[in-house]
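Asker: What follows is a structure written as structure tokens; I'll ask about it next.
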Amino acid sequence: MAEIKLTDLTKSYGSTEVLHHVEGDINDGEFIVIVGPSGCGKSTLLRMVAGLETVTSGEIRIGDRRVNELEPSARDIAMVFQNYALYPHMSVRENMAYGLKIRKLSKAEINKRVEEAAEILEIGQYLDRKPRQLSGGQRQRVAMGRAIVRDPQVFLFDEPLSNLDAKLRVQMRLEIRKLQQRLGVTSIYVTHDQVEAMTLGDRLMVLNGGYVEQFGTPIELYDRPASVFVAGFLGSPAMNFIPAIVEADGVGFARRHKTGRRTGASG
Amino acid sequence: MVEDRPLTSILTHFVLILGVIAIALPIWITFVAATHDELRMNQVPLPLWPGTHLLDNLTQTLFGAGLSGSQGAPVWLMLLNSLAMAMMISFGKIAISLLSAFAIVYFRFPFRMTCFWMIFITLMLPVEVRILPTFEVVANLGMLNSYWGLSIPLIASATATFMFRQVFLTVPDEMLESARIDGAGPMRFFFDILLPLSRTNIAALFVILFIFGWTQSFWPLLITTDTSMTTIVMSIKQMLEAAEQSPQWNIIMTTALLARIPPIFVVISMQKLFVQGLTETDK
Ligand SMILES: Nc1ncnc2c1ncn2[C@@H]1O[C@H](COP(=O)(O)OP(=O)(O)O)[C@@H](O)[C@H]1O
Ligand SMILES: [Mg+2]
């Protein structure tokens, strides 16, 4: 279990900066959702935490360690990918055990952990199948199982549900939430689906074009959006906007329709 | 073709049968010739049905000196030499190509693309083109008349490197990332993930390379002078030329028949993986 601290984090590919000065403190056991439109840098941010992308500048701390220079395997994290990234030639059991085998855990310990995870995820009867013999939902569970057996300090999810059909997605969303609460592991979850974000997260980090627009609880974001972008992005049905201009006529703000007719609102 | 008229059906079968005969007839004649004695083989017309001397021919070819009156090595030794050469060439080629493709696809090092193109350019330099310098190098290294000399100059392979590069490029990036999170280092990733994922390609390539290695005749002819290093394919040619008297067709054909067995065995035993490689879509 650990808190995560992102300090002035920047990422550039060549001369193009794709993440700008990202700040954020994540508490121990919290479920954080990073949400934003496609291409805004969500995956990049997550992969920087995972150690799959280098940090251009700034600092990432997990627990009390600075992890910028650590290999992914040394960061004590587990990641679930969108396409699951299961090893196709290994059985479900081997897939889950692979990381533990490399860490040289004893056979008995590995077996115990795999059985436990399989039990939690209800994939016990598939343990000896190959990934290609499983449905999308089952593969998704195996990918989760692979994360759980590692018993990590942090779970990272990169759009783990977007390859599933709508019904299964809702069901898995609930399960992920319950699982996370049960295990109490700090989690970062990336999605472009605002409904998923609002229902899953303790707090949401809204990204737009590489900037953090707002970082807060769903209710905060909904009641007090920090920008037009956040207000427009969240909520279903979408919020209504009324175009207005600020006037300094000594009384206060005035809203004006496109027609030019004054509609009042003074203070 | 989806048409199903009797005439087309007859025509296609006719062509197919013709093709089978064209391929099978020489093999049949080889077999028949290997079952007669020397005398019968020098009379016209040549026999078209098997005789009774197959066992005699086999023992004389395999364990005798081969051609009567020649100083050649027994054929079992030649088979062994050929097998060693073909195996060393195919395993060497596969190992080197796998490793170089691995380096080119998964590592960022200076002059990576230069290396890639240098490997690629060697496509233009098969043994036949670089024969003199290669011979000199092999001779200077003291590898004449050895298995190393037979195989090493043929091992570097741009085609296989290129093929494995293409195979590795189809492996999703997430596979590598997943392995990194699991704590697998580069070589572990190579052996645990990449190798199993390319095993059908390796099998297919092995078949092709084994036959390539097995049928080499020019290079072995150049660098072996010791009869104990003769390979079977080059010996067939020598047997034809060695004959001061008329060629002993029964022995030559028995040798040819024996030379054919290992490649056939390799093809048949690899067939399943080969087909799997073509039909398997999951990666
Ligand atoms: N390897 C890369 N090289 C250059 N640009 C990249 C690379 N990876 C991602 N980007 C760019 O970074 C931005 C953020 O990408 P990403 O984090 O994948 O977005 P998303 O929010 O959809 O997950 C995109 O504009 C993308 O084009
Ligand atoms: Mg993404």
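The values are calculated or read from the model by the stated rules, or taken from the named source; none is laboratory data. Just so it is clear, the structure is predicted and the values come from calculations on it, not from any experiment. Please note: Cβ atoms are built from the backbone with ideal geometry, for glycine as well, and neighbour counts cover all protein chains shown. Surface areas here come from the heavy atoms of the whole protein model, side chains and all, with no ligands, DNA or RNA. Shrake-Rupley method; radii C 1.70, N 1.55, O 1.52, S 1.80 Å.
Asker: Using only the Cα atoms of region B:151-194, build the gyration tensor, take square roots of its eigenvalues as a ≥ b ≥ c, and label the shape rounded, prolate or oblate: rounded if a/c is under 1.5, else prolate if a/b is larger than b/c, else oblate. Walk me through the numbers before you get to the answer.
Answerer: On the way: a/c = 5.07, a/b = 1.99, b/c = 2.55.
It is oblate, given that a/c is not under 1.5 and a/b is not larger than b/c.
Asker: Note down the magnitude of the dipole of region B:75-279 about its Cα centre, charges +1 on Lys and Arg C-beta and -1 on Asp and Glu C-beta and zero elsewhere, to the nearest 20 debye. If you can, show how the numbers build up before the last one.
Answerer: Details: 11 positive and 10 negative charges, 60 e Å.
Using Cβ point charges on Lys, Arg, Asp and Glu, region B:75-279 gives about 280 debye.
Asker: Let me ask something else about it. With a/c under 1.5 counting as rounded, go ahead and sort chain B into rounded, prolate or oblate using the C-alpha gyration tensor (a ≥ b ≥ c being the square roots of the eigenvalues; past the cut-off, prolate if a/b is larger than b/c, else oblate). Don't skip to the end; give the middle numbers.
Answerer: Numbers: a/c = 2.60, a/b = 1.46, b/c = 1.79.
Note, shape of chain B comes out oblate.
Asker: Residues of A:80-89, mean number of Cβ from any other protein chain within 10 Å of their own Cβ, rounded to a whole number?
Answerer: 5
Asker: Would you mind telling me which residue in B:A86, B:A179, B:A73 has the biggest mean-square fluctuation in a Gaussian network model of chain B, where springs connect alpha carbons within a distance under 10 angstrom?
Answerer: Highest fluctuation of the listed residues: B:A179.
Asker: Also, I was wondering about something else. Looking only at region B:162-194, which residues have a backbone nitrogen under 16 Å from a spot 7 Å from the Cα of B:Q276 in the C-beta direction?
Answerer: Inside the label zone: B:193-194.
Asker: For region A:26-66 and region B:119-151, compute the distance between their C-alpha centroids and round to whole Å.
Answerer: Here the answer is 54 Å between Cα centres.
Asker: Given the DSSP H assignment, sum -39500 (n - 2.57) over each helix run of at least 4 residues in the protein assembly as shown and divide by its residue total; what's the result at 222 nm in deg cm²/dmol, nearest 500? All intermediate terms of the calculation are to be shown ahead of the outcome.
Answerer: Details: 22 runs with 274 residues, N = 550.
So the helix-based figure for the protein assembly as shown works out to -15500 deg cm²/dmol.
Asker: Please compute the per residue accessible area over chain B with all protein chains in place, 1.4 Å probe, rounded to a whole number of Å².
Answerer: Working: 15940 Å² over 283 residues.
About 56 Å² of surface per residue is accessible.
Asker: Of all accessible surface on chain B at a 1.4 Å probe, what whole percent is carbon and sulfur? Walk me through the intermediate numbers first.
Answerer: Working: 11580 of 15940 Å².
Result for chain B: 73 percent of the exposed heavy-atom area is carbon or sulfur.
Asker: For chain A, what is the charge dipole size about the Cα centre, in debye to the nearest 20, if Lys and Arg each add +1 at the Cβ and Asp and Glu each add -1 at the Cβ?
Answerer: On the way: 35 positive and 33 negative charges, 157 e Å.
Roughly 760 debye, rounded to the nearest 20.
Asker: Can you give the charge dipole size of the protein assembly as shown about its Cα centre, rounded to the nearest 20 debye, using +1 on the beta carbon of Lys and Arg and -1 on the beta carbon of Asp and Glu?
Answerer: Working: 49 positive and 50 negative charges, 144 e Å.
About 680 debye.
Asker: Continuing with this model, one more query. Go through region A:34-54 and flag every residue whose accessible area shrinks by 40 Å² or more with all protein chains in place compared to the isolated chain (probe 1.4 Å).
Answerer: So the qualifying set is A:L52.
Asker: How well do other chains shield peptide A:99-111, expressed as the mean number of their Cβ atoms within 10 Å of each residue Cβ?
Answerer: On the way: counts 6, 2, 4, 7, 2, 1, 0, 0, 0, 0, 0, 0, 0.
For this peptide, the per-residue mean of nearby foreign Cβ atoms is 2.
Asker: Obtain the nm distance between the two label points defined at A:A108 and B:R188 by a simple spin-label model: each point lies 7 Å from its Cα along the Cα-to-C-beta direction.
Answerer: Each label point is offset 7 Å from its Cα along the Cβ direction, giving 2.4 nm.
Asker: Rounded, prolate or oblate: which one fits region A:24-77, using the alpha carbon gyration tensor with axes a ≥ b ≥ c (rounded when a/c is under 1.5, else prolate when a/b beats b/c, else oblate)? Write down the numbers at each step before the final one.
Answerer: Working: a/c = 1.86, a/b = 1.24, b/c = 1.50.
Cα axes put region A:24-77 in the oblate bin.
Asker: Of B:L197, A:T217, B:A156, which is farthest on the positive side of the dipole of the protein assembly as shown, counting Cα position, with +1 on Lys and Arg Cβ, -1 on Asp and Glu Cβ, and the Cα centre as origin?
Answerer: The residue sitting farthest along the positive end of the dipole is A:T217.
Asker: Let me ask something else. Based on the mean of other Cβ atoms within 10 Å per residue, sort peptides B:114-120, A:2-8 so the most packed one is first. The partial results should precede the final answer.
Answerer: Details: B:114-120: 13.7, A:2-8: 17.9.
Taking the mean over residues of other Cβ atoms within 10 Å, the ranking is A:2-8, B:114-120.
Asker: May I pose another question? Per residue, how many Å² of accessible area does region A:4-241 show with a 1.4 Å probe?
Answerer: 44
Asker: Residue by residue through B:183-192, how many Cβ atoms from other chains fall within 10 Å of the Cβ on average? Intermediate values should be presented prior to the final figure.
Answerer: Working: counts 12, 5, 3, 0, 0, 2, 0, 0, 0, 7.
Taking the mean over all residues of the peptide, I get 3.
Asker: Under 8 Å for C-alpha pairs, at least 6 residues apart: give me the relative contact order for region B:75-279, rounded to a whole percent. Walk me through the numbers before you get to the answer.
Answerer: Working: 178 pairs, mean separation 70.0, N = 205.
Once normalised by length, the contact order is 34 percent.
Asker: In Å² (nearest 100), what accessible area is buried between B and A, both sides summed, heavy protein atoms only, 1.4 Å probe? Let's see the in-between values first.
Answerer: Details: alone 16940 and 13760 Å², together 28770 Å².
Roughly 1900 Å² of accessible surface disappears when B and A pair.
Asker: While we're on this one: Which pairs in the list A:K5/A:K42; A:K11/A:K167; A:K101/A:K167; A:K107/A:K130; A:K42/A:K112; A:K130/A:K178 are over 24 Å apart, alpha-carbon to alpha-carbon? Please list the in-between numbers first.
Answerer: Details: A:K5/A:K42 16 Å; A:K11/A:K167 36 Å; A:K101/A:K167 35 Å; A:K107/A:K130 21 Å; A:K42/A:K112 35 Å; A:K130/A:K178 27 Å.
Pairs exceeding 24 Å: A:K11/A:K167; A:K101/A:K167; A:K42/A:K112; A:K130/A:K178.
Asker: Select from A:T44, A:N95, A:G137 the residue farthest towards the positive end of the dipole of region A:2-138; place +1 on Cβ of Lys and Arg, -1 on Cβ of Asp and Glu, and compute about the Cα centre.
Answerer: A:N95
Asker: Still on this structure, please answer the following. Using a 1.4 angstrom probe and counting only protein chains, how large is the accessible area of A:D25 in Å², to 10?
Answerer: Its accessible surface works out to 80 Å², give or take rounding.
Asker: For chain A, set up a Gaussian network in which alpha carbons nearer than 10 Å are linked by springs, and say which option among A:V55, A:V195, A:V35 fluctuates the most.
Answerer: A:V195
Asker: Taking chain A as a Gaussian network, where each spring joins two C-alpha atoms under 10 Å apart, which residue of A:S15, A:S135, A:S106 fluctuates the most?
Answerer: Result: A:S15 has the largest fluctuation of those listed.
Asker: Right, next: Given a cut-off of under 8 Å on Cα pairs at least six residues apart, what relative contact order in percent is computed for region A:1-142? Walk me through the intermediate numbers first.
Answerer: On the way: 164 pairs, mean separation 27.8, N = 142.
This gives 20 percent for region A:1-142.
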